[in-house]
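S.K.: I have a structure I would like to understand better, so I am pasting it below and will then ask my questions one at a time.
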Amino acid sequence: DTEVTQTPKHLVMGMTNKKSLKCEQHMGHRAMYWYKQKAKKPPELMFVYSYEKLSINESVPSRFSPECPNSSLLNLHLHALQPEDSALYLCASSQPPGPPYFGAGTRLSVL
Amino acid sequence: GIQVEQSPPDLILQEGANSTLRCNFSDSVNNLQWFHQNPWGQLINLFYIPSGTKQNGRLSATTVATERYSLLYISSSQTTDSGVYFCAVPYQTGANNLFFGTGTRLTVIP
């Protein structure tokens, strides 16, 4: 199984809502990542978890809160988002020296 | 910080044509990867190629690390090759914390 599963595929939320994005992998990878991709732009790294510990936070606003409950799951909790946060959110996992595997993403629209 | 520029930004090909995509990077890297993002957003790793040449079917890639560029060759293009091609380099040595290039959007028409 070389799949990274992200749910939901699409999400529409208001600026006062709280929602969560979920990511799951069963490849035994110990590194997991969140990337944000705006339309017609490359993906940008947000967070990295290594062995279930947050190792990198690329200066992401606190309205995005990551969580790694176990080695297979990665969540991204969203609260008080702004319309400019609308984007494709991509999850990935890897086990060095192998390449990263990406999920299909969650398309988020903030109204 | 590192700069990763790709060219051309857009490319339209007739099915069956060949193409070369280029990735220039500003600093020395020990890891360069090529990805294909399909029209639905799925990113697939094509090559991990810090140096030298690799081939996988109709695709091949060459990285000349000393001159800070990499090339992706697509031969006999098919409509399923359409999408955006990204090269990416790591923020840190030995890591998969990737900084993506500007991308090349490829459209293959039948």
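S.K.: Give segment B:48-62 a look and list any residue that's touching a residue at least 12 places away in the same chain (Cβ under 8 Å) and assigned to a loop (DSSP other than H, G, I, E, B), or say none. Walk me through how you get there before you give the answer.
M.R.: If we filter segment B:48-62 for residues that are touching a residue at least 12 places away in the same chain (Cβ under 8 Å), which is where we start, we get B:48-51, B:58-62.
If the condition is that a residue be touching a residue at least 12 places away in the same chain (Cβ under 8 Å) and assigned to a loop (DSSP other than H, G, I, E, B), then B:ILE49, B:PRO50, B:SER51, B:ARG58 are the ones that fit.
S.K.: If you don't mind, another one. Restricting to segment B:1-47, give me the number of residues that are more than 11 Å from the chain's Cα centre (by Cα), hydrophobic (A, V, I, L, M, F, W, C) and outside any strand (DSSP E or B).
M.R.: Number of matching residues: 4.
S.K.: Here is a list of conditions, (1) more than 14 Å from chain A (Cβ to nearest Cβ); (2) surrounded by 13 or more Cβ atoms within 10 Å (Cβ to Cβ); (3) closer than 25 Å to A:GLY105 by Cβ, and B:SER60 meets all of them except one; can you say which number that is?
M.R.: Result: B:SER60 fails condition (3) only.
S.K.: Something else about it: Need the failing condition index for A:GLY103 against (1) away from every other protein chain (no Cβ under 14 Å); (2) touching a residue at least 40 places away in the same chain (Cβ under 8 Å), just the number.
M.R.: So the condition that A:GLY103 fails would be (1).
S.K.: Given the conditions (1) more than 13 Å from chain B (Cβ to nearest Cβ); (2) among the hydroxyl-bearing types (Ser, Thr, Tyr); (3) assigned to a strand (DSSP E or B), report the number of the one that A:SER62 does not fulfil.
M.R.: It is condition (3) that A:SER62 fails.
S.K.: While we're looking at this one, here's another question. Across segment A:1-42, which residue is farthest from B:GLN92 (Cα to Cα) among those that are among the β-branched types (Val, Ile, Thr) and at pLDDT 95 or above?
M.R.: Taking segment A:1-42 first, the residues among the β-branched types (Val, Ile, Thr) are A:2, A:4-5, A:7, A:12, A:16.
Checking which are at pLDDT 95 or above leaves us with A:4-5, A:7, A:12.
Working: A:VAL4: 23, A:THR5: 26, A:THR7: 29, A:VAL12: 34 Å.
Per the criteria, the residue is A:VAL12.
S.K.: Every residue in segment B:20-49 that is in contact with a Leu (Cβ under 6 Å, 6 or more places away or on another chain) and surrounded by fewer than 18 Cβ atoms within 10 Å (Cβ to Cβ), please.
M.R.: Matches in segment B:20-49: B:THR20, B:ARG22.
S.K.: Would you kindly identify the strands (runs of 3 or more DSSP E) lying entirely within segment B:70-110 that contain at least 2 residues that are more than 17 Å from B:THR20 (Cβ to Cβ) and either within 14 Å of chain A (Cβ to nearest Cβ) or in contact with a helix residue (DSSP H, G or I) (Cβ under 6 Å, 6 or more places away or on another chain) (or both)?
M.R.: Details: elements: B:83-90, B:98-100, B:104-109.
It comes to B:83-90, B:98-100.
S.K.: Evaluate the following for A:GLU24: is it touching a residue at least 24 places away in the same chain (Cβ under 8 Å), in contact with a Gly (Cβ under 9 Å, 6 or more places away or on another chain) and away from chain B (no Cβ under 14 Å)?
M.R.: Numbers: touching a residue at least 24 places away in the same chain (Cβ under 8 Å): yes; in contact with a Gly (Cβ under 9 Å, 6 or more places away or on another chain): yes; away from chain B (no Cβ under 14 Å): yes.
Taking the combined requirement at face value, the residue satisfies it.
S.K.: What's the total number of residues in segment A:5-49 that are in contact with a helix residue (DSSP H, G or I) (Cβ under 9 Å, 6 or more places away or on another chain) and over 21 Å from B:PRO39 (Cβ atoms)?
M.R.: First, the residues of segment A:5-49 that are in contact with a helix residue (DSSP H, G or I) (Cβ under 9 Å, 6 or more places away or on another chain): A:15, A:36, A:38.
From what is left, the residues that are over 21 Å from B:PRO39 (Cβ atoms) are A:15.
Within segment A:5-49, residues that are in contact with a helix residue (DSSP H, G or I) (Cβ under 9 Å, 6 or more places away or on another chain) and over 21 Å from B:PRO39 (Cβ atoms) number 1.
S.K.: Right, another one. Can you tell me which of A:LEU76, A:LEU90 is over 17 Å from B:GLN37 (Cβ atoms), modelled with pLDDT of 95 or more and either within 12 Å of another protein chain (Cβ to nearest Cβ) or surrounded by 14 or more Cβ atoms within 10 Å (Cβ to Cβ) (or both)?
M.R.: After applying the criteria, what remains is A:LEU76.
S.K.: Show the residue pairs meeting these rules: Cβ distance below 7 Å; 6+ apart or different chains; first residue within segment B:13-34 and on the phi > 0 side of the Ramachandran plot; second residue in a loop (DSSP other than H, G, I, E, B).
M.R.: B:GLY16/B:SER76; B:GLY16/B:SER77
S.K.: Among the numbered conditions (1) touching a Gly at 6+ places or on another chain (Cβ under 8 Å); (2) over 29 Å from A:ALA87 (Cβ atoms); (3) within 12 Å of chain A (Cβ to nearest Cβ), tell me where B:ASN38 comes up short.
M.R.: Every condition holds for B:ASN38 apart from (2).
The values are calculated or read from the model by the stated rules, or taken from the named source; none is laboratory data. All values derive from a computational prediction rather than experimental measurement. Glycine gets a Cβ as well: all are built from the backbone with ideal geometry, and neighbour counts include every protein chain shown.
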